[in-house]
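Just below is one structure, and these are the notes that go with it.
Only the coordinates and a few stated rules stand behind these numbers; no lab work does. These numbers were taken from a predicted model, which means no experiment stands behind them. Backbone-built Cβ (ideal geometry, glycine too); neighbour counts: all protein chains shown.
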Amino acid sequence: MGSELGKELVEALKKGGVDFFMSVPCKLLSGVIASLELDDSITYIPVTREEEAMGIAAGAYLGGRMACLVMQDSGLGNSINALASLIQHFRIPFVLLISYRGTPGEKVGTQVPMAMITEDLLKLLRIPRLHCHRPGDELEIPDMVEHARVAQSAVAILIDFHFVQQRS
């Protein structure tokens, strides 16, 4: 992902009110992570695991902040318990910016099985989602962030290869 697209995604999240970011490593969203590392107007913390970020997000929320975790869809499987028993149980607004690995354009076969169930898992968890697949889809990001706040819920923004390639 180019740094320009990464910066645009970060700005869209900030426009919606996100001011606290965390990330686990992700090649597809590397431009977002690079933008976060350079942005002095927000708090940014790299984390080692997705569940760790859920606890930090809860603390950020209690401190009046709106948090976002930048992660791969494979991390969704790691974080289901923390999402259900912490984020959802306590109705914490939270944004998941998820690289939709394993979709067409993916070069790593081991990413495909998780991609096949990502949207089903989000649906099962009743997490509203925005799938950024075409240029212009990112314009809905601020509204999704606001929806997280109003619904007191996690929301997911899926960024796929097609979207990144069209924007590069």
| task | Under 9 Å between Cβ atoms, at least 6 apart or on separate chains: pull out the pairs that start in the range 7-35 with a residue that is without any contact (Cβ under 8 Å) to a residue 24 or more places away in the chain and end on any residue that is in a helix (DSSP H, G or I) and not small (Gly, Ala, Ser). | result | Pro25/Ile33
| Within the bounds of the range 80-98, is there any residue that is part of a strand (DSSP E or B), among the β-branched types (Val, Ile, Thr) and touching a residue at least 40 places away in the same chain (Cβ under 8 Å)? | yes
| Within the range 51-79, restricting attention to residues that are outside any helix (DSSP H, G or I) and more than 15 Å from the chain's Cα centre (by Cα), which residue is surrounded by the most Cβ atoms within 10 Å (Cβ to Cβ)? | Arg65
| request: Return a yes/no flag: does the range 146-159 have any residue that is basic (Lys, Arg) and exposed (fewer than 14 other Cβ atoms within 10 Å of the Cβ). | output: no
| query | Any chance the range 25-32 includes a residue that's part of a helix (DSSP H, G or I) and either buried (at least 21 other Cβ atoms within 10 Å of the Cβ) or more than 13 Å from the chain's Cα centre (by Cα) (or both)? | reply | yes
| Within the range 114-131, is even one residue among the hydrophobic types (A, V, I, L, M, F, W, C), in a helix (DSSP H, G or I) and surrounded by 19 or more Cβ atoms within 10 Å (Cβ to Cβ)? | yes
| said: I'm trying to understand the selection: among the residues of the range 40-55, which are hydrophobic (A, V, I, L, M, F, W, C) and either closer than 10 Å to Ser23 by Cβ or without any contact (Cβ under 8 Å) to a residue 12 or more places away in the chain (or both)? | reply: Ile45, Val47, Ala53
| remark: How many residues of the range 139-159 are out of contact with any Lys or Arg (no Cβ under 9 Å at 6 or more places or on another chain) and either of a type in the set (Lys, Arg) or in a helix (DSSP H, G or I) (or both)? The answer is 8
| Verdict on Arg101 being outside any helix (DSSP H, G or I) and closer than 20 Å to Gln165 by Cβ | yes
| Residue that is surrounded by the most Cβ atoms within 10 Å (Cβ to Cβ), among those in the range 132-145 that are within 22 Å of Ile87 (Cα to Cα) and not aliphatic (A, V, I, L, M) | Pro142
| query | Only one of (1) within 15 Å of the chain's Cα centre (by Cα); (2) buried (at least 22 other Cβ atoms within 10 Å of the Cβ); (3) closer than 16 Å to Ile157 by Cα fails for Ala12. Which number is that? | reply | (2)
